[in-house]
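First up is the structure itself, then whatever we jot down about it.
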Amino acid sequence: MIRVYAIASGKGGTGKTTVTANLGPMLARHGRRTCILDADTGMANLALILGLENLPVTLHEVLAGKASIQDAIYDGPLGVKIIPSGLSLQGFQSANPDRLKEVLQDLVDDFDIMLLDAPAGISKDGVIPLAVADEVLLIVNPEISSIVDAIKTRTLTEMIGGHVAGAIMNRVTTNNGEMSRAQMQNLLGVRVIGFIPEDPYVRRSSAARMPVVLKYPSSDASQAFSRISAGLAGIEYQAEEAVANASREGFVDRLARVLFRGKT
Ligand SMILES: Nc1ncnc2c1ncn2[C@@H]1O[C@H](COP(=O)(O)OP(=O)(O)OP(=O)(O)O)[C@@H](O)[C@H]1O
Ligand SMILES: [Mg+2]
């Protein structure tokens, strides 16, 4: 049975698309039949950062009732499947977001995991993914505006009968380090299931239109994606790099040491 996660944040630019584009391929690599869907129908860029172009059918046509969802599924890295949204404003205008739920129902037997890259904000388009997903994952940056918007998104999700599975802290630097995982969890009111560092290789890989987990697999961000995807797939984390680097302190240990300061 499929498990649908909405990757959401409230605030824009926290890393929802980046997380979707990297967790998707890693989940597929862990053997889960995985599909990533660009639910940001107005400002679609999932396909862009994955290097897909000239797509004849997208979620726009499907939500407009002009095409079948099966025709909007494309092959992505490591066996992940991608359902992109189109780039045109006209396509966005004719797409009816209310159809998303029935569209997903057609895929329940085809995948184990579906990640919905949600738009920022709490417009109708933003709220629908929160409502149709089995679980919401909040992508939060370690700054006050992002934390406040994540709390708002959690509350909104609960109001509409959705469920927040946890938060992923993205763009973490050791300078943000005063807050412990426990304090962050208290603030957000949800479990923090992972930390992704601020990493220049993320931007470099999207410029090359590839997920960082493929372009720079041993980068700190890639190791974090590897760890988080293993957790979501319910398997033990075994990064090749972690084995190779066993003798030196890894990023996650370093980060935990600074963030938790003996508080966990
Ligand atoms: N861990 C990271 N380290 C460095 N840069 C990052 C990291 N995560 C995301 N970025 C950069 O931050 C920018 C915003 O990321 P992204 O597009 O994934 O955010 P988003 O939440 O999907 O934004 P929007 O709300 O506009 O859809 C991008 O330029 C991306 O490369
Ligand atoms: Mg985005």
_Note, ³J(HN,Hα) from phi for segment 137-144, Karplus 6.51, -1.76, 1.60, rounded to Hz, x at Gly and Pro_ = 10, 8, 9, 10, 9, x, 9, 4
_Sequence gap at least 6, Cα distance under 8 Å: using those rules, report the relative contact order of segment 3-260 to the nearest whole percent._
24 percent
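State whether segment 8-146 is rounded, prolate or oblate according to the following rule on the C-alpha gyration tensor (a ≥ b ≥ c being the square roots of its eigenvalues): a/c under 1.5 gives rounded; otherwise a/b larger than b/c gives prolate, and the remaining case gives oblate. Present the calculation step by step, with values, prior to reporting the outcome.
Working: a/c = 1.42, a/b = 1.10, b/c = 1.29.
The shape class here is rounded.
Please give the contour-minus-distance gain from Asn96 to Val108: 0.36 nm per residue of separation, less the Cα-Cα distance, rounded to one decimal in nm.
Details: separation 12, 0.36 × 12 = 4.32 nm, distance 2.04 nm.
Net length gain for the segment: 2.3 nm.
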*Of the listed pairs Lys16/Lys101; Lys101/Lys215; Lys124/Lys215; Lys152/Lys215; Lys16/Lys215; Lys81/Lys152, which have alpha-carbon separations greater than 27 Å here?*
Lys101/Lys215; Lys124/Lys215; Lys152/Lys215; Lys81/Lys152
*asked:* Check which residues have an amide H placed less than 5 Å from Asn170's amide H, if you skip close sequence neighbours.
replied: Val140, Asn141, Ile196
*Mind listing the long-range amide H neighbours of Gly86? Cut-off is under 5 Å, sequence gap 5 or more, other chains count too, H placed in the peptide plane at 1.01 Å from N.*
Leu59, His60
_Could you derive backbone 3J(HN,Hα) for segment 110-127 from the dihedral phi with the Karplus parameters 6.51, -1.76 and 1.60 (θ = phi - 60°), listing whole Hz in sequence and x where the residue is Gly or Pro?_
8, 9, 8, 9, 10, 10, 9, 7, 7, x, 6, x, 10, 6, 4, 4, x, 7
*Could you calculate, for segment 3-260, the ratio of the Cα radius of gyration to the Kirkwood radius, expressed as Rg to Rh?*
0.96
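Ranked highest first by the average count of other Cβ atoms within 10 Å around their residues, in what order do 21-34, 109-122, 62-75 fall?
Working: 21-34: 24.0, 109-122: 21.3, 62-75: 16.3.
Listed from highest to lowest mean packing, they are 21-34, 109-122, 62-75.
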*Fully extended, how many nm does the chain gain between Glu158 and Arg181 (0.36 nm per residue separation, minus their Cα-Cα distance)?*
6.0 nm
*asked:* What's the magnitude of the charge dipole for segment 3-260 around its Cα centre, counting Lys and Arg as +1 and Asp and Glu as -1 at the beta-carbon? Answer in Debye, nearest 20.
replied: 460 debye
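Give me the number: length gained by fully extending Ile235 to Leu52, i.e. 0.36 nm times residue separation minus the C-alpha to C-alpha distance, one decimal in nm. Before the final figure, lay out each step's value.
Working: separation 183, 0.36 × 183 = 65.88 nm, distance 2.97 nm.
Answer, rounded to one decimal: 62.9 nm.
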*With a/c under 1.5 counting as rounded, go ahead and sort segment 40-89 into rounded, prolate or oblate using the C-alpha gyration tensor (a ≥ b ≥ c being the square roots of the eigenvalues; past the cut-off, prolate if a/b is larger than b/c, else oblate).*
oblate
*Where does the chain land at 222 nm, in deg cm²/dmol rounded to the nearest 500, when only DSSP H runs of n ≥ 4 count, each adding -39500 (n - 2.57), divided by all residues?*
-11500 deg cm²/dmol
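Stokes-Einstein D for segment 1-53 at 10 °C, 1.306 mPa s, Kirkwood Rh over Cα pairs, in µm²/s?
132 µm²/s
A short reminder: the numbers here are calculations on the coordinates, not readings from a lab. The structure displayed is predicted, hence computed values, not measured ones. Heads up, the Cβs are rebuilt from the backbone with ideal geometry, glycines too, and the neighbour counts pull from every protein chain shown.
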